[in-house]
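J.: The structure that follows is given in the form of structure tokens.
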Amino acid sequence: MVRGKSQVMNLGDSISQGDLAITILIGGLLLDRLIGDPWHWLHPVQVMGWFISAYTQMALNLTNSPRGLRWLGVGLTLLMIAASGAMAWAMIALGSWIHPLLGVAVAMIILASCLAARSLRQAAEDVLTPLLAGDIQQARQRLKNYVGRDTDTLSEEEVLRAVLETVAENTVDGVTAPLFYAIVGSIISPGGAAVVALAYKSVSTLDSMVGYKRPPYTDLGCCSARMDDVLTWLPCRLTVASLALGSGHPRRFWRDCGQQARLDPSPNSGWSESAYAIALGVELGGVNTYQGVVIEKPRLGVSRRPITPVVVREALTLSRRLLVGGAVIGVLLIWVRYSHELGSSLLSFNSAH
């Protein structure tokens with residue numbers, strides 16, 4: 001096989017490793033943009049959810065010991081990461097065995113399933129549509145599908161705040177962090193974007209299902225919650241740094257975000273929410289109710305204007321720009337990683353002539 005050509009997907013001399021990695025990355029992003037997560041399709045997160053639910057039930061039936069549950073939680077976290085990565089690799093390998101282009105398509109589909117840019121926009125619009133039509137009851141009902149707080153008595157402003165907070169937090173969890181790990185995977189191997197992104201997605205899914213401080217998940221979900229915090233830490237800071245650079249006063253923006261983020265017990269959501277609040281000139285946080293329990297969350301940002309549907313859509317625009325900017329940087333990094341292929345190809349061409 002000619003040096004510098006892809007061996008991972010067995011595409012022979014038809015495409016370089018760098019081109020293959022970029023094709024999979026951009027293809028996955030475009031698939032998410034075009035089709036998102038169709039409800040009637042089997043989704044990898046559904047499969048993860050079934051396994052996590054079964055494992056959780058088994059663990060809770062097996063022991064009540066906090067120590068035992070913590071160890072079972074460690075096992076669950078490591079198993080999910082390994083199994084998700086292995087599943088992605090096996091599916092891509094099987095597709096490539098049938099036909100190289102099928103392997104590429106499978107990698108794109110898996111990567112698209114790890115991204116939630118289109119789903120995030122659809123979720124926001126799903127709540128905004130009845131709200132703009134004056135049907136706040138329907139907006140509250142739809143909001144229940146996306147947030148954990150009680151929504152039955154929320155005012156219009158509180159509904160909008162909940163939507164904006166969801167956009168801010170999930171831009172990191174569902175857009176920039178999966179993209180970050182897809183780029184890391186692409187740098188490791190041309191077909192690695194889907195493998196590494198799905199492994200990250202498994203931790204994010206675990207955290208959303210068992211990463212709670214309330215029983216019965218306090219001990220079982222401890223490891224997954226901390227793992228999610230660790231893996232999301234760098235993508236979150238890079239997201240905030242990107243918003244800071246676009247603000248026109250990056251040092252002040254970063255300083256203000258850091259000061260306000262410390263008020264939030266989460267090492268990541270405080271950063272993303274404060275960044276969006278500062279960028280949009282609104283205030284997030286305040287009083288929320290969860291299963292009848294009132295919780296006062298830190299107030300982030302500075303309220304220079306009320307939260308309106310226009311502000312929520314501005315937040316969605318910020319999220320889209322972060323995705324596009326991240327993709328451009330990713331392509332450049334992949335190009336640098338595999339740029340030796342170009343030099344090798346040119347040398348081979350010159351020696352042949």
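J.: For region 148-199 and region 96-127, compute the distance between their C-alpha centroids and round to whole Å.
T.: Spelled out, the Cα-based centre of one part sits 14 Å from the other.
J.: Rank these for me by crowding, Lys144, Lys201, Lys213, Lys297, going from fewest to most other beta carbons within 10 Å.
T.: Lys213, Lys144, Lys297, Lys201
J.: Let me ask something else. Helix-only mean residue ellipticity at 222 nm, the chain, DSSP H runs n ≥ 4 weighted -39,500 (n - 2.57), per residue, nearest 500. What is it?
T.: -23500 deg cm²/dmol
J.: Just going by the charge dipole of the chain, with Lys and Arg at +1 and Asp and Glu at -1 on Cβ, which of His340, Leu42, Val104 is farthest out on the positive end?
T.: Result: His340.
J.: Please compute the Kirkwood hydrodynamic radius over region 77-133, one decimal place, Å, based on all pairs of different Cα atoms.
T.: 13.6 Å
J.: Right, something else. Using the Cα atoms of the chain to build a convex hull, what is its mean projected area in square nanometres?
T.: Taking a quarter of the hull surface, the average projection is 20.5 nm².
J.: Of Asp152, Asp229, Asp256, which is the most mobile in a GNM of the chain whose springs link Cα atoms less than 10 angstrom apart?
T.: Judging by the Gaussian network model, the answer is Asp152.
J.: Check which residues have an amide H placed less than 5 Å from Leu300's amide H, if you skip close sequence neighbours.
T.: Residues meeting the amide H criterion: Leu284, Gly285.
J.: Which one of Leu323, Val287, Val310 is farthest out on the positive end of the charge dipole of region 192-347, using unit charges on Cβ (Lys, Arg +1; Asp, Glu -1) and the Cα centre as origin?
T.: Checked the options; the winner is Val310.
J.: Another question, if that's okay. Using the Cα centre of region 126-214 as the reference point, and only Cβ charges (+1 on K/R, -1 on D/E), how large is the resulting charge dipole? Debye, rounded to the nearest 20.
T.: 340 debye
J.: Among Ala116, Ala105, Ala88, which one shows the highest mean-square fluctuation when the chain is modelled as a Gaussian network with alpha-carbon springs under 10 Å?
T.: Looking only at Ala116, Ala105, Ala88, the largest GNM fluctuation is found for Ala105.
J.: For the chain, set up a Gaussian network in which alpha carbons nearer than 10 Å are linked by springs, and say which option among Gly301, Gly191, Gly292 fluctuates the most.
T.: For the chain, modelled as a Gaussian network with Cα springs under 10 Å, the answer is Gly292.
J.: Enumerate the calculated ³J(HN,Hα) couplings along region 44-56 in order (Karplus 6.51 cos²θ - 1.76 cosθ + 1.60, θ = phi - 60°), each rounded to whole Hz, writing x wherever the residue is Gly or Pro.
T.: The phi angles translate into x, 5, 4, 4, 4, x, 4, 5, 4, 4, 5, 5, 4 Hz.
J.: Further question on the same structure: Rank the residues Ser65, Ser224 as a footprinting-exposure proxy: fewest other Cβ atoms within 10 Å of their Cβ go first.
T.: Fewest-to-most ranking of Ser65, Ser224: Ser65, Ser224.
J.: What ³J(HN,Hα) values, in whole Hz, does the Karplus curve 6.51 cos²θ - 1.76 cosθ + 1.60 give for region 198-203 when θ = phi - 60°, with x put for Gly and Pro?
T.: 5, 4, 5, 4, 5, 5
J.: Can you work out the Karplus-derived ³J(HN,Hα) for every residue in region 246-252? Use 6.51 cos²θ - 1.76 cosθ + 1.60 with θ = phi - 60°, whole Hz, and x for glycine or proline.
T.: Each residue of region 246-252 in turn: x, 7, x, 9, x, 5, 5 Hz.
J.: Another question, then. Relative to the Cα centre, what is the charge dipole magnitude of the chain, using +1 at the beta carbon of each Lys and Arg, -1 at the beta carbon of each Asp and Glu, and rounding to the nearest 20 debye?
T.: That gives the chain a dipole magnitude of about 580 debye.
J.: Assuming a strict under-26 Å limit between Cα atoms, what lysine pair count do you get for the chain once near-sequence pairs (fewer than 8 apart, same chain) are dropped?
T.: For the chain, the number of qualifying lysine pairs is 5.
J.: Next question, about the same structure. Can you sort Phe253, Phe51 so the residue with the fewest Cβ neighbours within 10 Å comes first?
T.: Starting with the residue having the fewest Cβ neighbours, the order is Phe51, Phe253.
Rule-based calculations on the coordinates, nothing more; no lab input. For clarity, every value in this text was computed on a predicted model and none was experimentally measured. Cβ coordinates were reconstructed from backbone atoms using ideal geometry, including for glycine residues, and neighbour counts include every protein chain displayed.
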